Amino acid sequence: MPIFEFECCRCGKEFERLVFASEQGAVPCPECGSKETKKVVSVFSCSGVGKDVGGSCAPSGSKGFS
Ligand SMILES: [Zn+2]
C-alpha cells in the first residue's frame with residue numbers, strides 16, 4: 001500500500017496519507033488545510049535483505065544518499 005509520510009510546510013504537521021501516483025503533490029494538510037506539503041521519504045523496513053530468494057529488496061547502490 002502506497003502510504004507516504006508528509007510534512008506540512010506551513011504548520012509543520014506531520015501526517016501519513018494513502019496516496020496514489022496521480023494524487024502526489026496535492027495532499028492537503030489535515031491540520032491547517034494548506035497544500036504546501038512535502039513528502040517525507042522514510043526508511044522502509046526491509047527484513048528480506050540477506051535472503052537469496054526474491055531479490056526485489058536488493059540495495060541498488062548508494063545513489064541519492066550522501
Ligand atoms: Zn498544516
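Out of Cys29, Cys46, Cys57, Cys8, I need the residue that is among the hydrophobic types (A, V, I, L, M, F, W, C), modelled with pLDDT under 90 and surrounded by 12 or more Cβ atoms within 10 Å (Cβ to Cβ). Which one?
Values: Cys29 fails: modelled with pLDDT under 90; Cys46 fails: surrounded by 12 or more Cβ atoms within 10 Å (Cβ to Cβ); Cys8 fails: modelled with pLDDT under 90.
Going through Cys29, Cys46, Cys57, Cys8 in turn, just one is among the hydrophobic types (A, V, I, L, M, F, W, C), modelled with pLDDT under 90 and surrounded by 12 or more Cβ atoms within 10 Å (Cβ to Cβ): Cys57.
Considering only the range 11-26, state which residues are small (Gly, Ala, Ser) and either loosely packed, with under 10 Cβ neighbours inside 10 Å or modelled with pLDDT under 85 (or both).
Of everything in the range 11-26, those that are small (Gly, Ala, Ser) and either loosely packed, with under 10 Cβ neighbours inside 10 Å or modelled with pLDDT under 85 (or both) turn out to be Ala21, Ser22, Gly25, Ala26.
The values are calculated or read from the model by the stated rules, or taken from the named source; none is laboratory data. As the structure is a prediction and not an experimental result, all values here were calculated from the model. No Cβ is skipped: glycine too gets one built from the backbone with ideal geometry, and neighbour counts run over all protein chains shown.
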